[in-house]
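Written out below as structure tokens is the structure these notes cover.
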Amino acid sequence: MQQPFIRNHQFNLIKKQIRLLQQTCQTVYDPKIVKSVRENAQLRIAEAFPEAAELQIGILEQFLPHNTEEQFQDYLRSLEPYLNEFPRATEAQLKKLFPKIKKLKLPDLSAVDYRHVTYLGWTDIASNKMFLVYPLSGTLAGVEGRFTPANKKSTCFLCKKQAEVALFTAVTKSKPANASPDYYKAIGNYLCLDSETCNKNMTELETLERFIADIVGR
């Protein structure tokens, strides 16, 4: 059997393209338009898997002859065995990522569906802190920062969707070559309050990886 090869953000992108194609098939009667949307979906999905092997491409393209909602949903369900899980970490491993936090509040790891996680995120309301964990260059990296609820919907800088957000502010460890010893820089962005919702909407990694790298100084 083919090993899992679809990461969460890629699966979200596939769902987005399939949803658009399904809506087109249901509402548009011009076959040329339907054909164009189908080919565009094929292209967008292929772009998300630049290193896919021939067998993997065949799995991803199984939606091409489909037209009905039931067929598209069956296709998405057929991909679930190929979902690549987020690297699992123990409570002890997570605590090592934040050594300065003596009483680190962790999420309920037993409740996490790692197939649908791009980054592991949680908040500690008591300390007004938000924590992000991501496997940067194959090694888990942890970022902590302050969060201030915006009490409104705005665009999350990671998933690019409208949601209830908080201003997440983290101090970067990256320093210019000529920086003074007391150099200090904080980076603030609006981020989804609910990391589970954010993970469901993530379709690319560039913004997340650039942010994590800037904070941890890699």
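FYI, it's all coordinate maths here, none of it is from the lab. As the structure is a prediction and not an experimental result, all values here were calculated from the model. Note that each Cβ is placed from the backbone with ideal geometry, even for glycine, and that neighbours are counted across all protein chains shown.
Summary of computed values
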| quantity | calculated |
| --- | --- |
| Volume in Å³ per residue [convex hull over Cα atoms, computed for segment 104-159] | 124 Å³ |
| Computed [θ] at 222 nm, deg cm²/dmol, the chain (DSSP H ≥ 4; -39,500 (n - 2.57); rounded to nearest 500) | -11000 deg cm²/dmol |
| Value in Å of the Kirkwood radius, where segment 61-218 supplies the Cα pairs that are averaged | 17.4 Å |
| Relative contact order of segment 8-82, defined on C-alpha pairs under 8 angstrom at six or more residues apart (%) | 34 percent |
| Set Lys15/Lys35; Lys15/Lys153; Lys16/Lys153; Lys15/Lys102; Lys129/Lys173; Lys129/Lys160 screened for pairs whose C-alpha atoms are more than 29 Å apart | Lys15/Lys102 |
| Distribution of pairwise C-alpha distances over segment 8-82, 5 Å bins, in % | 3, 16, 30, 27, 16, 7, 2, 0 |
| Radius 12 Å from Cβ of Ala166, net charge of other residues (Lys, Arg +1; Asp, Glu -1) | +2 |
| Per-residue Cβ neighbour rank within 10 angstrom, fewest leading, Phe211, Phe168, Phe49 | Phe49, Phe211, Phe168 |
| For segment 187-192, 3J(HN,Hα) per residue [Karplus equation, 6.51 cos²θ - 1.76 cosθ + 1.60, θ = phi - 60°, Hz, x = Gly/Pro] | 10, x, 8, 7, 10, 3 |
| Angle in degrees between helix 31-47 and the longest Cα principal axis of the chain, rounded to the nearest 10 | 40 degrees |
| Mean Cα-pair separation over length for the chain, i.e. relative contact order, pairs under 8 Å, 6 or more apart, % | 20 percent |
| Residues whose placed amide H lies under 5 Å from that of Ala141, excluding near-sequence neighbours | Tyr134, Leu136 |
| Proximal charge balance of Arg88 [Cβ under 13 Å; K/R count +1, D/E count -1] | -2 |
| Neighbour-count order for Thr155, Thr203, fewest beta carbons within 10 angstrom listed first | Thr155, Thr203 |
| Acute angle (nearest 10 degrees) that the helix 206-216 long axis makes with the longest principal axis of the chain, alpha-carbon atoms | 10 degrees |
